[in-house]
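The structure appears right after this line, and notes come after that.
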There are 2 protein chains.
Amino acid sequence: MSDLTALLRERGLRSTPHRRAVLYALAERPHVTANEVASAVARTASGPGAVTELSRQGLYNVLEDLRRVGLVRSIEPAGSPALFELQAGDNHHHAICRSCGAVQDVPCSIGAAPCLDAPSVGGFVPDEAEIVFWGRCAACATSL
Amino acid sequence: MSDLTALLRERGLRSTPHRRAVLYALAERPHVTANEVASAVARTASGPGAVTELSRQGLYNVLEDLRRVGLVRSIEPAGSPALFELQAGDNHHHAICRSCGAVQDVPCSIGAAPCLDAPSVGGFVPDEAEIVFWGRCAACATSL
DNA sequence: CTCATAGTTAGACCGAGTCAAGTGTGGGGG
DNA sequence: CCCCCACACTTGACTCGGTCTAACTATGAG
């Protein structure tokens, strides 16, 4: 758990219980909404790592801080609140189930990095490509 | 303008002034927010095609109807309200400028259809791939 | 010890979109 | 010709996710 502390310090952030709790929560379950992070953190409140409730503002501050230093990434699929995950640095993409909303990681496999190839169009300078595959997850596809 | 009527009938929708006005507005300017559509429609109110103001709910109804029959497509970039465009049927993607928010169409050029290749992962059955390139548009890139 | 600053809180606020329920309205049947 | 019903549309309250503001508290460098 103290590696979380190291991680935070490394990025120039103070290591606070809330920040550690958020990182810990995201490590356990990827692709969670801000609310889910909040309740995960709240649940931590009863464990040994005891954490006081985190206010809404506090939560967003923490998430934004972590995002800014590159520890956390967020995606905002159409029709869903923002989802947060630990930044793995592997530039993977996401597959989202149209019927149950489950989010799955998809390794960035198309060739090397299809990711930044495309738009030489009109002088546009891309720095990131975000790909979302919409469809049905295994469970929902079979139960059709 | 009556081709809009035909278009609507073809898809099983009554041709109403509001629906025509929305289609017309989208034909003129792609990637507009619901609000922008609303004001475009309102502006039409003073022209020859006179249209009475369209309520918020009415607007969303029209947009949803058009989307359902495949005349309109919408994208919801992170941190922005939904943007609407006419469905061109060409499955193009979008490049969004991080600094000015401008949205540009990007032809779906990577190979044939990178679009549905990827996730054989875990039984996921994709039906659409949505790609967003984030970066700087020509104007913002040069003015750095 | 002390003070600036980072972190936190409570609560008002906002924009985008949805819900529910009512009002027109226009195009068939009786 | 009139009634009636489906569909278009309006109004206003409401929800949800998130932001802003203004305080308060804890921390840690000097």
Discussion item. For peptide A:134-140, what's the mean number of Cβ atoms from other chains within 10 Å of each residue's Cβ?
Written reply: 5
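Over the range A:2-85, calculate the relative contact order: mean separation of alpha carbon pairs under 8 Å at least 6 apart, over the residue count, as a percent. Don't skip to the answer; put the middle values down first.
Working: 84 pairs, mean separation 24.8, N = 84.
Taking the mean separation of contacting Cα pairs over the length of the range A:2-85, I get 29 percent.
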Practice prompt. Could you work out how far apart the two model spin labels at residue A:42 and residue A:98 are, taking each label as a point 7 Å from the Cα in the direction of the beta carbon, and quote it in nm?
Written response: 3.4
Fill in: residue B:27 versus residue A:141: modelled label distance in nm, points set 7 Å from Cα along the beta carbon direction
4.0
Discussion item. Can you list the copy-to-copy distances for residue B:76, using a point 7 angstrom from Cα toward Cβ, in nanometres, shortest first?
Written reply: 1.1
Worksheet, complete the sentence: In nm, the gap between the two label points placed 7 Å beyond Cα toward Cβ at residue B:86 and residue A:56 is 4.1
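Assign one of three labels to the range A:2-85, namely rounded, prolate or oblate, based on the Cα gyration tensor with a ≥ b ≥ c the square roots of its eigenvalues; rounded applies when a/c is under 1.5, prolate when it is not and a/b is larger than b/c, and oblate otherwise. Intermediate results must be reported in sequence, preceding the final value.
On the way: a/c = 1.79, a/b = 1.20, b/c = 1.49.
In terms of gyration-tensor shape, oblate.
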Worksheet item: Hey, for residue B:57 with labels 7 Å out along Cα-Cβ, what do the inter-copy distances come to in nm, ordered shortest first?
Response: 3.6
Discussion item. Order A:128, B:10 by their accessible area, 1.4 angstrom probe, all chains in place, largest first.
Written reply: B:10, A:128
Discussion item. If each label sits 7 angstrom from Cα along the C-beta direction, how far apart, in nm, is residue B:89 from its counterparts in the other copies?
Written reply: 4.8
Worksheet, complete the sentence: Per the charge dipole of the range B:2-85 (beta-carbon charges, Lys/Arg positive, Asp/Glu negative, Cα centre), the residue among B:84, B:70, B:44 reaching farthest to the positive end is B:70
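The values are calculated or read from the model by the stated rules, or taken from the named source; none is laboratory data. All values reported here derive from a predicted model rather than from experimental measurement. Note that each Cβ is placed from the backbone with ideal geometry, even for glycine, and that neighbours are counted across all protein chains shown. For the accessible areas, the whole protein counts, side chains as well, though only heavy atoms, and no ligand, DNA or RNA atoms are used. Shrake-Rupley method; radii C 1.70, N 1.55, O 1.52, S 1.80 Å.
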